[in-house]
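Chemist: Pasting a structure here, questions to come.
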Amino acid sequence: MIIRDAAPGDLPAILAIYNDVVATSTAIYEFDPVTLESRVAWLEARRADGYPVMVAADGDEVLGYASFGAFRAWPGYQHTVEHSVHIRADQHRRGLGRALVESLLPIAKGLGKHVIVAGIDADNEPSRRLHAALGFEEVGHFRQIGHKFGRWLDLVFMQRLLDERKTPG
């Protein structure tokens, strides 16, 4: 297994992973599957903004992916990014999520980012444990902020500082 930059040819597998997560979990507060065209636009937007999309691959087979983008649109947040990581359902508990998130950290730091944020469904204990093990700390818990599958969902924010800068300079 290797971690590498995503290529356009990886998008069908990324789409399949994303749409499976949408259909089967509360990891994404999305209701409907997305199209390949929307994933193409997403990858192009990430690249245009200078942000990574990484995949965990075994040969040509994509097992998971991770990316980050702007946390919020205002310029005062320019040193903060929010990431996501999704693993194919049959590949959970193999360390792929850890490897993918770890691959993002030096990239974010190299781009001058100071904080990386994770928004995690509060019931997703494996993701919360993974992020805690990687040095993320819980900084917010929003109650009943979303809904899916006919129930209210809580969202937890976790963050990790990427450097020790005292000022944003």
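Chemist: Return the residues of region 17-37 that are free of Cβ contacts under 8 Å to residues at least 40 places away in the same chain and more than 22 Å from Phe142 (Cα to Cα); say none if nothing qualifies.
Modeler: Asn19, Ala23, Asp32, Pro33, Val34, Thr35, Leu36, Glu37
Chemist: For region 64-112, what are the residues that are open to solvent by 40 Å² or more (accessible area, probe 1.4 Å) and in contact with a His (Cβ under 7 Å, 6 or more places away or on another chain)?
Modeler: Hit for region 64-112 is His79, nothing else.
Chemist: For region 44-63, enumerate the residues that are farther than 11 Å from Gly97 by Cα, out of contact with any Ser or Thr (no Cβ under 9 Å at 6 or more places or on another chain) and surrounded by 19 or more Cβ atoms within 10 Å (Cβ to Cβ).
Modeler: Scanning region 44-63 gives Ala57, Val62.
Chemist: Continuing with the same structure: State the number of residues belonging to region 113-169 that are among the basic types (Lys, Arg) and surrounded by 11 or more Cβ atoms within 10 Å (Cβ to Cβ).
Modeler: Qualifying residue count, region 113-169: 5.
Chemist: Residues in region 7-18: is at least one in a strand (DSSP E or B) and aliphatic (A, V, I, L, M)?
Modeler: Checked region 7-18: no residue is in a strand (DSSP E or B) and aliphatic (A, V, I, L, M).
Chemist: Within region 21-36, is there a residue that is in contact with a Gly (Cβ under 6 Å, 6 or more places away or on another chain) and open to solvent by 50 Å² or more (accessible area, probe 1.4 Å)?
Modeler: Checked region 21-36: at least one residue is in contact with a Gly (Cβ under 6 Å, 6 or more places away or on another chain) and open to solvent by 50 Å² or more (accessible area, probe 1.4 Å).
The values are calculated or read from the model by the stated rules, or taken from the named source; none is laboratory data. Computed from a predicted model, the values in this text were never measured in an experiment. Every residue, glycine among them, receives a Cβ derived from its backbone with ideal geometry; neighbour counts consider all protein chains shown. Please note that ligands, DNA and RNA were not included when accessible areas were found on the heavy atoms of the full protein model with its side chains. Shrake-Rupley method; radii C 1.70, N 1.55, O 1.52, S 1.80 Å.
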